[in-house]
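Values quoted throughout were computed directly from the atomic coordinates according to the rules given, and no laboratory measurement underlies them. The structure displayed is predicted, hence computed values, not measured ones. Because the Cβ atoms are built from the backbone with ideal geometry, glycine has one as well, and the counts that use them run over all protein chains shown.
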Amino acid sequence: MNETMMIAGMAFVTFGIRYVMFAMAGRIRFALWFKQALGYVPPVVLSAIIAPLILMPQGYLDLSLANPYFWAALVAAGVGFWRQHLLTTIVVGLVCFVLLKWTMM
Amino acid sequence: MPSSKFTEFINGAKATIPMIIGAIPFGIIFGTLAEPSGLSIWGAMAMSLFVYAGSSQFIAVGLLATGVGPVIIIATTFVVNLRHLLYATALVGKVSHLSQGWRALLAFGLTDESFAVVNSRYLGRTDTVYAHWFFLGSIVAMYSNWQLCTWLGIGLGELFPNMTNWGLDFAMSVTFLGIIIPYLRNKPMWLAVISAAAFAMVLQDLPNQLGLVIAALSGICIGYASQQIEVRIRLHKATGDVIKATSGVIKATSANKGSHKP
């Protein structure tokens, strides 16, 4: 039951956030400072999620050759800035990761 | 001539393919993580069906594994998904003519991935009569893939209990990395992203993903503050330039007046 409640709650808040603006169809207006601050939310939240996963997969900062997450992400970022193409970035990153992981095994 | 509903729908699904490739391992790993974290098979499937938000599903599973209660998990979901408010704000003008049912449907599927795809469909285009079908095509493709992968992951997790060590979670990281890159166009954004990453790492050991929340809020504040400072500096410079230019013009005119005799 705890699980049902948790999932229902997660579904409710997620849908609420996504729907409130659409439901009001532009009748909600935000202050300029709020809109400007909101503009930082997506990249900031996403980077706060992935930074520890990539740079400290074992729980400590690891920039050594033994950390495939770091090197694969570095290559993917390089390709991302160079080509500006999402699919290429993802595929190159994944292939690089699998190769690194495989050579280390 | 505007393209037909069907063409729009198919194009939306097609444009989402890169996102789907990133989401396949991501969905599978979510499925495999469910059981070790203490979530039931039905719970994992229900999360993908009804919450349908990859990153917060991952975080929820991680929190569950450390024994955190539902209230904190729901609160974390709220903070992590708050970014979707921005996506909705950006797109609301494009959907406000649609029925409430359509709007609810499109809102339900407003993920990072579909937003990135749909937003670039709308950018600078005027042929948007049936563009909501493009939006729906993106959602249907992304959603069905997510369900399929969750289900596959649950099955694979049963077959290979040590699959969680394979490092497939990198798929989520690299997809998010790819989504972040286009945002990095100015100094305030760089500062915001780097400081959020640094705070997230330093505060990683705080309980209940508190570090993530603090890191995100700090990143937003730092980005916003540096944007304000940049604007001030530019304004200051611009005012200086205007004063210089005006005084230059005044000098020139007075000099002209002095030397020129009709």
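Once every DSSP H run of n ≥ 4 in chain B is given -39500 (n - 2.57) and the sum is divided by its residues, what mean residue ellipticity at 222 nm do you get, rounded to the nearest 500 deg cm²/dmol?
Taken over chain B, the calculation gives -25500 deg cm²/dmol.
Quick check: residue separation of A:L65 and A:W82 times 0.36 nm, minus the Cα distance between them. What number comes out in nm?
Full extension from A:L65 to A:W82 adds 3.8 nm.
Multiply the residue separation of B:V71 and B:R232 by 0.36 nm, subtract the distance between their alpha-carbon atoms, and state the gained length in nm to one decimal.
53.8 nm
Any chance you could check the Cα centroid distance between region B:169-239 and region A:53-105 for me, in angstrom?
21 Å
Can you give the Kirkwood hydrodynamic radius for the protein assembly as shown, in Å, rounded to one decimal and based on Cα pairs?
22.1 Å
Using a Förster distance of 22 Å, how high is the FRET efficiency between B:N162 and A:M104, based on the Cβ-Cβ distance and rounded to 0.05?
The calculated FRET efficiency here is 0.85.
For region B:173-217, state the semi-axes of the equivalent ellipsoid (square roots of 5 times the eigenvalues of the alpha-carbon gyration tensor), sorted largest first and rounded to whole angstrom.
21, 13, 7
Within 10 Å of each Cβ of A:50-63, how many other protein chain Cβ atoms are there on average?
5
Quick one: compute the contact order of chain B, relative version, from alpha carbon pairs under 8 angstrom and 6+ residues apart, as a percent.
In percent, rounded to a whole number, it is 29.
Given a Förster distance of 30 Å, report the FRET efficiency between A:A8 and B:L148 from their Cβ-Cβ distance, rounded to the nearest 0.05.
About 0.80, to the nearest 0.05.
If you place +1 on the Cβ of every Lys and Arg, -1 on the Cβ of every Asp and Glu, and leave all else neutral, what size is the dipole of the protein assembly as shown about its Cα centre, to the nearest 20 Debye?
The calculated dipole for the protein assembly as shown is roughly 2140 debye.
Mind putting a number on the dipole of chain A about its Cα centre? Charges go on the C-beta only, +1 for Lys and Arg and -1 for Asp and Glu, and I need it in Debye to the nearest 20.
With only Lys, Arg, Asp and Glu charged at Cβ, the dipole is about 460 debye.
With viscosity set to 1.002 mPa s at 20 °C, what whole-number translational diffusion coefficient in µm²/s follows for chain A from Stokes-Einstein and a Kirkwood radius over Cα pairs?
For the chosen part, D equals 124 µm²/s.
Apply the Debye scattering formula to region B:103-221, with a single equal point scatterer on each alpha-carbon and no solvent, then give log10 I(q)/I(0) at q = 0.10, 0.17 Å⁻¹.
Per q value, in the given order, log10 I(q)/I(0) is -0.49, -1.13.
Work out the FRET efficiency for B:A104 and A:V95 from their Cβ-Cβ distance, taking R0 = 56 Å, and round it to the nearest 0.05.
Here the calculated transfer efficiency is 0.90.
Can you find, among B:A65, B:Y122, B:G211, the residue farthest towards the positive end of the dipole of the protein assembly as shown? Put +1 on the C-beta of Lys and Arg, -1 on that of Asp and Glu.
Value: B:Y122.
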